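What follows is a set of notes on a single structure, which appears directly below.
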Amino acid sequence: MSKLLKILKEKPLTLVVHLPENKVELAQAAERAGAEALMIDQGFDEDKILKAVKIPVGLNAADKVTGENKYDFVNFPVEALPEFGKLKKIARIAELNESYTLDKLMQVVEGTIDALDAAIIPLHQFGKELQIGDLQNYIAIALSSNLPVIIPTQRNIKPSEVAIIWDTGVKGLMLTRVVLGETAKSFEKAVKEYRIAIDDLG
């Protein structure tokens with residue numbers, strides 16, 4: 001079983017970090033600060049990052065993934081499900097988008113994906129405050145999908161709001177550049193604050 005899926009199953013809320021850049025120092029900073037998994041973008045230095053950390057690493061891919069055996073999971077647009085659903089050796093996380101509907105969600109074939117990335121916030125809303133409507137959507141996705149749901153910080157979700165996110169029934173929080181600093185030092189500090197908030201859930 002994928003290490004990430006095992007953590008999602010066992011922990012109240014799993015802390016995933018989507019690296020803003022494929023840099024070894026950022027990967028190591030995230031691990032030191034308490035990240036339980038990393039997601040990196042397809043591009044450069046993937047192998048260096050895989051060797052530099054002990055926590056599971058997944059790949060954010062748009063249309064295909066090569067060398068999938070290296071990764072613990074792959075994150076892909078739900079529209080690309082026919083291609084990525086064929087993968088067998090790593091966890092498959094389908095990314096919803098702002099055009100998702102519950103009807104579309106119900107059409108996702110059970111058994112072809114292992115978790116959902118609820119990236120449903122429109123681009124022009126990135127970095128703005130968390131809304132009640134967002135929470136209602138997260139609850140609906142968690143209840144309807146019967147799959148572990150990961151929420152990316154497209155909104156400016158604060159550490160103090162981690163408990164509210166957890167109350168929606170989701171299983172993971174993925175930190176993105178919206179809430180992470182630009183330097184390794186500020187980056188590590190930010191991850192640590194969310195780690196503390198998650199640990200306080202009990």
### Message
Suppose we filter the range 153-175 for residues that are buried (at least 19 other Cβ atoms within 10 Å of the Cβ), out of contact with any Asp or Glu (no Cβ under 8 Å at 6 or more places or on another chain) and not in a helix (DSSP H, G or I); how many remain?
### Response
9
### Query
Which residues, counting only those in the range 96-135, are of a type in the set (Asp, Glu), under 19 Å from the mean Cα position of the chain (by Cα) and closer than 18 Å to residue 76 by Cα?
98, 114, 117
### Task
Starting from residues that are out of contact with any Ser or Thr (no Cβ under 8 Å at 6 or more places or on another chain) and aliphatic (A, V, I, L, M), keep the ones in the range 1-18 and report whichever is modelled with the lowest pLDDT.
1
### Task
For the range 125-138, state whether one or more residues are surrounded by 15 or more Cβ atoms within 10 Å (Cβ to Cβ), out of contact with any Cys (no Cβ under 9 Å at 6 or more places or on another chain) and of a type in the set (D, E, K, R).
yes
### Query
Does any residue in the range 85-103 that is surrounded by fewer than 18 Cβ atoms within 10 Å (Cβ to Cβ) come within less than 8 Å, Cβ to Cβ, of a residue that is among the polar types (S, T, N, Q) six or more places away or on a different chain, and which pairs are these?
85/112; 89/69; 102/144
### Query
Just for the range 93-127: of the residues that are at pLDDT below 95 and charged (D, E, K, R), which one is farthest from residue 68 (Cα to Cα)?
103
### Query
Which is under 14 Å from residue 14 (Cα atoms) and among the hydrophobic types (A, V, I, L, M, F, W, C), of 132, 157, 141, 165?
165
### Message
Pull out all pairs, ordered by first then second residue, where Cβ-Cβ is under 9 Å, the residues are six or more apart or on different chains, the first lies in the range 130-148 and is in contact (Cβ under 8 Å) with a residue 60 or more places away in the chain, and the second is exposed (fewer than 15 other Cβ atoms within 10 Å of the Cβ) and part of a helix (DSSP H, G or I).
### Response
148/9
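Conditions (1) among the small types (Gly, Ala, Ser); (2) at pLDDT 95 or above; (3) touching a strand residue (DSSP E or B) at 6+ places or on another chain (Cβ under 8 Å), marked per residue:
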| site | (1), (2), (3) |
| --- | --- |
| 87 | no, no, yes |
| 131 | no, yes, no |
| 175 | no, yes, yes |
| 183 | no, no, no |
| 187 | no, no, no |
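The values are calculated or read from the model by the stated rules, or taken from the named source; none is laboratory data. Remember, it's a predicted structure, so these values are computed and weren't measured experimentally. Reconstructed Cβ throughout: ideal geometry from the backbone, glycine too, with neighbour counts over all protein chains shown.
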